[in-house]
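In what follows, a structure is listed as structure tokens, so that the remarks can point back to it.
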Amino acid sequence: MKPIHILTFCLLFFTLASCRKKEFMPEVEGQPVPHPEITASLKDVLNTSPYTLFKAAWERSNMDKIMKEKGDKAYYTMLVPTNEAFIADGLTMEKINSTEPALLDSILLYHTLTGAFNPEDVKSSVDNYPGKSLLENPYLRVKAPFAGSALAAPYFYLQYLKVSGNELFVNGKKAGTAAAVLAKNGVLLPVNRVLHKPTKTILQVLQEDGRFGMYLDLTARTDALFAELTYGNFQHDFTAGLKVSEIGDYNITFHSIFAITDDAFHKAGYNTVEEMMELNNRNPLPYVDWDTYAVKGGLVTDTLVGYHRWGTFFSHDEPNAGRGTANATNFYSNDLNNTVLGDYTLVLGGYPTPFPAYKMPLDFTNEGGVIKVKVKGSDYPAASVIESDINTIMGPVHIVDRLLLPKGFKL
């Protein structure tokens with residue numbers, strides 16, 4: 001039986017070699033700081049800074065003990081909210097002094113990243129830098145970064161950093177313009193808001209929002225129809241990759257999605273899910289070729305919504321071998337441009353039988369600060385990203401106002 005075969009929207013697997021940026025590299029130790037003559041430590045820099053509320057939270061927490069246990073050779077980036085940011089978030093001095101140290105640990109660990117991120121060194125970088133925080137979720141596991149006996153690695157929350165001009169962005173959103181302060185063991189980077197760890201999966205966001213009822217219903221019905229047509233022998237599960245997996249050595253993978261509102265379906269002329277499911281009757285329905293143990297044909301509703309999951313459904317599918325390894329797609333809004341993504345490989349070519357890699361099928365523009373996205377070569381209007389960077393434990397949800405349709409598709 002060929003694994004993870006035919007008509008799946010899901011980006012289930014990634015390896016370190018194919019993974020975007022440096023998300024799953026082990027903790028960096030011994031990373032040089034640009035000015036070796038600096039003698040002040042991060043703690044020294046914090047103690048002399050104006051960020052007294054962050055310092056108070058640190059003193060009440062167990063962070064000194066935690067950092068000591070990690071040794072004196074490690075380098076860190078400390079994302080330090082200003083006093084104004086703490087107060088706006090309700091973390092006044094009174095609140096800090098009444099908060100359990102373990103909870104403060106969680107907040108501070110999320111704001112502390114492994115490695116020294118110096119904004120001066122990355123101003124020419126076009127994409128986000130994925131910083132691994134010290135905050136771990138013991139219930140989640142990612143694929144191990146290196147081949148070997150270990151199949152899974154602990155999940156650490158990520159913070160995506162980018163500098164544009166003098167502006168710092170964290171997870172796609174502006175986070176201030178204050179200058180970084182270098183220390184001998186890292187960088188103190190002021191931010192103008194308290195950063196909150198994501199707590200939901202992409203699927204939970206879609207289910208709880210209320211604007212995506214037709215999208216969820218349509219994909220559930222498409223899954224059910226495919227299962228019926230293939231006697232349940234082939235995977236076609238929209239929710240896979242968007243929730244915590246209940247099986248396997250690792251249970252979380254990294255994605256983003258262009259979520260379709262009910263209004264976007266209405267704009268395309270569909271008032272009910274039944275109307276969209278009727279599209280499947282205009283072409284021959286898929287069937288199983290038992291000689292090759294492969295599915296022939298596809299569902300029209302897959303094409304209707306497939307590009308909202310980056311179109312990996314359309315990558316080359318080798319009979320009895322499946323697709324190649326899928327790259328991560330957890331792209332934040334400031335990555336949604338052709339400079340970063342224009343030639344991005346979404347699915348690697350197969351092994352041992354080589355077959356074509358699958359490149360980015362989407363085209364991005366920015367009109368007056370509004371991100372526009374469409375299928376390359378399509379004659380349909382571009383969709384606008386009307387809300388972006390809804391953070392989840394696996395990556396962001398971006399909401400669009402139109403369907404992403406290929407050229408020649410008939411609504």
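Here are some notes:
- Those residues of segment 395-408 which are at pLDDT 95 or above and assigned to a loop (DSSP other than H, G, I, E, B), in sequence order: 395, 401, 402, 403, 404, 405, 406, 407
- Within segment 285-299, not a single residue is open to solvent by less than 50 Å² (accessible area, probe 1.4 Å), under 30 Å from residue 370 (Cα atoms) and modelled with pLDDT of 90 or more.
- Among the residues making up segment 240-264, those that are among the hydrophobic types (A, V, I, L, M, F, W, C) and closer than 24 Å to residue 361 by Cβ are 240, 242, 254, 257, 258, 259, 260, 264.
- Looking only at residues in segment 372-394 that are part of a loop (DSSP other than H, G, I, E, B), out of contact with any helix residue (DSSP H, G or I) (no Cβ under 7 Å at 6 or more places or on another chain) and open to solvent by less than 40 Å² (accessible area, probe 1.4 Å), the one that is nearest to residue 331 (Cα to Cα) is 393.
- Number of the condition not met by residue 154 [criteria: (1) part of a strand (DSSP E or B); (2) at pLDDT below 95; (3) farther than 30 Å from residue 248 by Cβ]: (3)
- Being over 17 Å from the mean Cα position of the chain (by Cα), closer than 26 Å to residue 249 by Cβ and at pLDDT 95 or above is true of residue 134.
- Filter result for residue 349 (over 27 Å from residue 263 (Cα atoms), assigned to a loop (DSSP other than H, G, I, E, B), touching a strand residue (DSSP E or B) at 6+ places or on another chain (Cβ under 9 Å) and not hydrophobic (A, V, I, L, M, F, W, C)): yes
- Candidate set from segment 289-323 (those that are aromatic (Phe, Trp, Tyr) and in a loop (DSSP other than H, G, I, E, B)); member that is nearest to the chain's Cα centre (by Cα): 310
- Wholly within segment 163-249, strands (runs of 3 or more DSSP E) carrying at least 3 residues that are open to solvent by less than 40 Å² (accessible area, probe 1.4 Å): 167-170, 186-191
The values are calculated or read from the model by the stated rules, or taken from the named source; none is laboratory data. Predicted, not measured: the structure shown is a model, and the values here were computed from it. FYI the Cβ positions are ideal-geometry reconstructions off the backbone, even for glycines, and counts take in every protein chain you see. These area figures cover heavy atoms from the full protein model, side chains too; ligands, DNA and RNA do not enter into them. Shrake-Rupley method; radii C 1.70, N 1.55, O 1.52, S 1.80 Å.
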